[in-house]
Amino acid sequence: MSRNQPISSFHPPRRMLMGPGPSDVHPRVLAAMAQPTVGHLDPAFIGMMDEVKALLQLAFRTGNELTMPVSGPGSAGMEACFVNLLEPGDTAIVCINGVFGTRMRENVERCGAKAVVVEDAWGTPVDPDKVAAALKANPGAKLLAFVHAETSTGVRSDAATLCKLARERGVLTIVDAVTSLGGIPVLVDEWNADAVYSGTQKCLSCVPGLSPVTFGPRAVEALSKRKAKGQSWFLDFSLITAYWGGGAKRAYHHTAPVNTLYALHESLVMLEEEGLENAWARHARMHEGLKAGLEAMGLSLLVAPDSRLPQLNAVTVPAGIDEAQVRSQMLSRYGLELGAGLGALAGKIWRIGLMGQSATPGHVTACLGGLEAVLAEMKAPIEIGAALPAASKVLFP
Ligand SMILES: *Cc1c(COP(=O)(O)O)cnc(C)c1O
């Protein structure tokens, strides 16, 4: 590499993050992160770890003792659930209705287990009837895995029903709640879900890099009854719990990301201050405001109303419009980041995230105003001047 200038400090631009994550991080969380690093076995830090566990139990609505953040992004939490619960030769039923279900299958296969796939079209929820049929046809299946909030399409699946179907057959569940936690109800104990993982940079509005995971009693039992050690040393919960387990005595496993955990602690404190139900209601209200504005402009949402995620809005790109150019204009002019479509939906949708600190009237209004200006210049067939009044009516009735 050749360069003429010395490398100096990095100064990121100011953005409004309205894509599929990360979402905007509150200054309180950033300030928490800038506090002095302490040892990961420091008694003061261990006290904070216990608070993080307690706050995560509240967020997940669970009493599960094994509730902790895995040191790694959401994908690490996903992998941790599979490598701890699956052994070679096991069978897992995997629901695929978007990108993240596809990754679940990849995890199952890399564990040496057999994946029985239940497929649904991208943009639609997991079909419980198909899952019931797959459970019936595979009586030896060890677990059922599905994505609660499919971020690639903006679809919510019926986690309560899917967990119930699995429970009736004595099958364990792995639930991806990366995009759902903090944005819509994730009711781990009420659902009887066995293993649930999430991420910090979506509706929790923390920095990326941690993955909250919770294991219920049946998952803990399956872990303790393994025939052989799992293939991952780093993600082995039987080792990690010696660090994250209760009491003052902690054994070194790996060096916890100390400052990132300060950030998670602060974001969870903020969630508690707001109240979990209030956070769900805020996400729902911002979604209603955005939807009213988009529809008044003449744009439409991809997903049917009863399975739409408030925190991830898949918007159909009008015919003849270059969706990438719109996103690039939104970023360069307004500092506003939108998400692109993936896979079969590439070029066909925008993904507008309203997650955590990015779910505010200011974000909704900036997004609608910017989209209107950019689309009007591109001569898209939209209604001018209708979006903001329509959104205001919903946001400020
Ligand atoms: C973002 C996301 C993941 C992966 O999380 P990373 O932090 O990017 O590893 C997994 N599942 C869903 C549904 C997600 O939205």
* Structure fact -> Among Leu143, Trp350, Pro361, the residue whose Cα sits farthest towards the positive end of the charge dipole of the chain, when +1 is placed on the Cβ of each Lys and Arg and -1 on the Cβ of each Asp and Glu, is Leu143
* Asked: Which value results for Rg/Rh of the chain when Rg is the Cα radius of gyration and Rh the Kirkwood radius based on the inverse mean 1/r?
  -> 0.99
* Structure fact -> Length gained if Glu106 through Lys136 is fully extended, taking 0.36 nm per residue and subtracting the Cα-Cα distance, is 8.5 nm
* Okay, helix-only estimate at 222 nm for the chain: each DSSP H run of n ≥ 4 adds -39500 (n - 2.57), divide by all residues, round to 500 deg cm²/dmol; what do you get? -> -13000 deg cm²/dmol
* Asked: What does the charge dipole of the stretch 27-272 about its Cα centre add up to, to the nearest 20 debye, if the Cβ of each Lys and Arg holds +1 and the Cβ of each Asp and Glu holds -1?
  -> 460
* Give me the percent of DSSP beta bridges within the chain that run antiparallel, rounded to the nearest 5. => 50
* To do: Give the long-range amide H neighbours of Leu312: residues separated by 5 or more places, or on another chain, with amide H under 5 Å away, using H modelled in the peptide plane at 1.01 Å from N.
  => Leu354
* **Difference of contour (0.36 nm per residue) and Cα-Cα distance, Ala54 to Glu273** => 77.4 nm
* Assuming a ≥ b ≥ c are the square roots of the Cα gyration tensor eigenvalues, decide whether the stretch 257-397 counts as rounded (a/c under 1.5), prolate (otherwise, with a/b larger than b/c) or oblate. => prolate
* **Karplus-derived HN-Hα couplings along the stretch 40-48 (A = 6.51, B = -1.76, C = 1.60, θ = phi - 60°), whole Hz, x at Gly and Pro** => 6, 10, 4, x, 5, 5, 4, x, 5
* **³J(HN,Hα) computed for each position of the stretch 259-273 - Karplus, 6.51 cos²θ - 1.76 cosθ + 1.60, integer Hz, glycine/proline x** => 6, 5, 6, 4, 5, 4, 4, 5, 5, 6, 4, 5, 5, 5, 4
* To do: Determine the sum of side-chain charges near Gly298: Lys and Arg each +1, Asp and Glu each -1, restricted to other residues whose C-beta is under 11 angstrom from that of Gly298.
  => -3
* Asked: Considering only Cα-Cα distances, which of the following residue pairs are longer than 18 Å: Lys348/Lys393; Lys53/Lys142; Lys114/Lys142; Lys142/Lys202?
  -> Lys348/Lys393; Lys53/Lys142; Lys142/Lys202
* Other-chain or far-sequence residues with amide H under 5 Å of Leu336's (modelled H) -> Met16, Leu331
* **Of the chymotrypsin sites (Phe, Trp or Tyr not before Pro) in the stretch 205-245, those whose Cβ has at most 12 other Cβ within 10 Å and which sit in DSSP loop** => Trp233
* Report, ordered by chain and residue number, the aspartates and glutamates lying within cross-link reach of Lys379, taken as a straight Cα distance under 15 Å and ignoring same-chain residues fewer than 8 apart. => Asp322, Glu323
* Structure fact -> Within the set Ala380, Ala263, Ala284, GNM on the chain using Cα springs under 10 Å gives the largest fluctuation to Ala380
* Structure fact -> Ordering 331-339, 272-280 by per-residue average of other C-beta atoms within 10 angstrom, highest first, gives 331-339, 272-280
* Asked: Given charges of +1 on the Cβ of Lys and Arg and -1 on the Cβ of Asp and Glu, with all other atoms neutral, how large is the dipole of the stretch 276-395 about its Cα centre, in debye to the nearest 20?
  -> 100
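Every number in this text was worked out from the coordinates using simple rules, so none of it is lab data. Keep in mind the model is a prediction, meaning the values are calculated, not measured. Quick reminder, even Gly has a Cβ in these numbers, built from the backbone with ideal geometry, and neighbours come from all protein chains shown.
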